[in-house]
1. Under 8 Å between Cβ atoms, which residue pairs at least 6 apart in sequence (or on different chains) link something in the stretch 10-34 that is closer than 14 Å to residue 116 by Cα and within 12 Å of the ligand (Cβ to nearest atom) with a partner that is assigned to a loop (DSSP other than H, G, I, E, B) and modelled with pLDDT of 95 or more?
2. I'm trying to understand the selection: among the residues of the stretch 90-101, which are over 16 Å from residue 34 (Cβ atoms) and either without any contact (Cβ under 8 Å) to a residue 60 or more places away in the chain or away from the ligand (no atom under 13 Å from the Cβ) (or both)?
3. When only residues in the stretch 102-157 that are without any contact (Cβ under 8 Å) to a residue 40 or more places away in the chain and farther than 21 Å from residue 20 by Cα count, which is nearest to the chain's Cα centre (by Cα)?
4. Quick check on my filter: what residues within the stretch 114-131 are more than 8 Å from the ligand (Cβ to nearest atom) and assigned to a helix (DSSP H, G or I)?
5. Within the group 154, 150, which residue is buried (at least 19 other Cβ atoms within 10 Å of the Cβ), in a helix (DSSP H, G or I) and modelled with pLDDT under 95?
Ligand code: DC
């Protein structure tokens, strides 16, 4: 056992609710929180803004290495500009999924993600938190929900933000994103055997948070 701060790794597909669950678990324990998808979204945003080709892994990895990002008070700033809402756009999410398939981009973001692991602990959400970034995590969760439910949740979120999209398009977009994130050869999205499975299809956010906190108490801080 090393003296490293404990990490709770929460991986899962888009719109599974893992970000909200992770953030609340972190708040309940007083831990730091890493939204790793935001980093891929930031690289995608820069790539879209600079016209960098989505198949140019080296150019994209240079963007990833040079990211001038600050997370503070729930807001995300890129080179001083608040991009918290901009990175949530569907187009940015789709581009992030393409950007994330390049191994050099993933390598460029690895250390940056690991630096979030500080006392008293970290809750990290993404696709490869338990498999690659924090393999030593004492608690790993694979959090998912049926695609129809995820699409409903995403659709509701988008409508609340005034972004009008067709439900059928949201389902299709999620299916494509799942397929791309799961099929890539590096750090694919998948349920590894050392992660506890949490299906939130019929759970509220509060139930899911309680389940993760319960596992943490049982298995880590017993
Ligand atoms: O979690 P999210 O929807 O914000 O992530 C956006 C994209 O970034 C997702 O489609 C795949 C990629 N991603 C990844 O490859 N690895 C992570 N740890 C987090 C996100």
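1. Listed by first residue and then by second, the contacts come to 34/116.
2. Our first condition is that a residue be over 16 Å from residue 34 (Cβ atoms); within the stretch 90-101, this holds for 90-95, 97-99, 101.
If the condition is that a residue be over 16 Å from residue 34 (Cβ atoms) and either without any contact (Cβ under 8 Å) to a residue 60 or more places away in the chain or away from the ligand (no atom under 13 Å from the Cβ) (or both), then 91, 92, 95, 99 are the ones that fit.
3. The residue in question is 110.
4. 114, 130, 131, listed by residue number.
5. Details: 150 fails: modelled with pLDDT under 95.
Answer to the check: 154.
The values are calculated or read from the model by the stated rules, or taken from the named source; none is laboratory data. Since this is a predicted model, take the numbers as computed values, not measurements. Ideal geometry is used to build each Cβ from the backbone, glycine not excepted, and the neighbour counts take in all protein chains shown.
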